[in-house]
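Dropping a structure here in structure tokens format, bear with me for questions.
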Amino acid sequence: MAHVLTLAGSPARPSRTEQLLHHVGHRLSRGQGNEAGHGTGHRIRHLAVRDLPAEALLAADHGHPAIRRAVASVADADALVIGSPVYKAAYSGLLKVFLDVLPRTALRGKPVLPLLTGGSPAHVLALDYALRPVLTALGGDTVLRGWFVLDRHITTGPAPEAEIRLAAEAEPGLAQAVGELADALTARHSAGIPLTAGSPAA
Ligand SMILES: Cc1cc2nc3c(=O)[nH]c(=O)nc-3n(C[C@H](O)[C@H](O)[C@H](O)COP(=O)(O)O)c2cc1C
């Protein structure tokens, strides 16, 4: 069992992106996409960047306890699912200020699944031109292809963690993306790379 951090980069509340991340987290915790794996699901932790103290985040105050805990939660994760809405043809500025407080190699050795939600299929390429490069720059050596979901393909539930309904068009691509993350974790396990799951919560 691996410890997967879902990281939400939308300032909105409620947020389609965040509910999509919870949906992916539920799949991973139930062991979906893990047919080749070890039967059990993964342990999920969640971090919404908008819940961090804005002043400390903008000032890159590494000494602030909430920022320290958030940075540690990335370090403690075996893998991450990083989600952002597309804003002005890129990922959100909120996500960027958090990525900017991370150490230079924060994502080294961790499979990372990037997810974007957006209003226009014209901005699918924000995944390849904006989000994936910055994750690679953070040492991400296993940044998966990721997936872009149109906002109109997500019907959100009433509560932040409520199950979403996903349009049929969006389902196969998302299932494949989740499967790729599960496979990457299985490959790490098979290679004997130790997982950090079970370490104390950050
Ligand atoms: C300020 C702002 C800028 C946006 N810019 C884009 C854009 O450039 N391209 C796009 O496809 N969608 C754009 N959108 C739409 C959002 O990406 C989309 O609705 C997303 O699913 C919202 O996710 P959220 O509910 O998690 O915030 C924008 C939305 C906002 C509020």
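Are any residues in region 85-96 at negative phi and either among the small types (G, A, S) or more than 9 Å from the ligand (Cβ to nearest atom) (or both), and if so, which ones?
Residues satisfying the conditions are A90, Y91, S92, G93, L94, L95, K96.
Which residues, taken from region 97-118, are within 14 Å of the ligand (Cβ to nearest atom) and hydrophobic (A, V, I, L, M, F, W, C)?
Within region 97-118, L115, L116 qualify.
Let me ask something additional. Among the residues of region 1-20, what is the count of those that are near the ligand (Cβ under 9 Å from one of its atoms) and hydrophobic (A, V, I, L, M, F, W, C)?
Total meeting the criteria: 3.
Return only the number of the condition from (1) within 16 Å of the ligand (Cβ to nearest atom); (2) open to solvent by 10 Å² or more (accessible area, probe 1.4 Å) that I82 does not satisfy.
For I82, the exception is condition (2).
Restricting attention to region 119-148, which residues are assigned to a strand (DSSP E or B) and either within 9 Å of the ligand (Cβ to nearest atom) or open to solvent by 70 Å² or more (accessible area, probe 1.4 Å) (or both)?
W147, F148
Going by the conditions given, is A162 over 17 Å from the mean Cα position of the chain (by Cα) and among the hydrophobic types (A, V, I, L, M, F, W, C)?
Taking the combined requirement at face value, the residue satisfies it.
Those residues that are open to solvent by 90 Å² or more (accessible area, probe 1.4 Å), free of Cβ contacts under 8 Å to residues at least 40 places away in the same chain, more than 13 Å from the ligand (Cβ to nearest atom) and out of contact with any Ser or Thr (no Cβ under 9 Å at 6 or more places or on another chain), I need them from region 149-170; list them, please.
The answer is P158, E169.
The values are calculated or read from the model by the stated rules, or taken from the named source; none is laboratory data. For clarity, every value in this text was computed on a predicted model and none was experimentally measured. Ideal geometry is used to build each Cβ from the backbone, glycine not excepted, and the neighbour counts take in all protein chains shown. Each accessible area value is taken on the protein alone, full model and side chains, heavy atoms only, with ligands, DNA and RNA left out. Shrake-Rupley method; radii C 1.70, N 1.55, O 1.52, S 1.80 Å.
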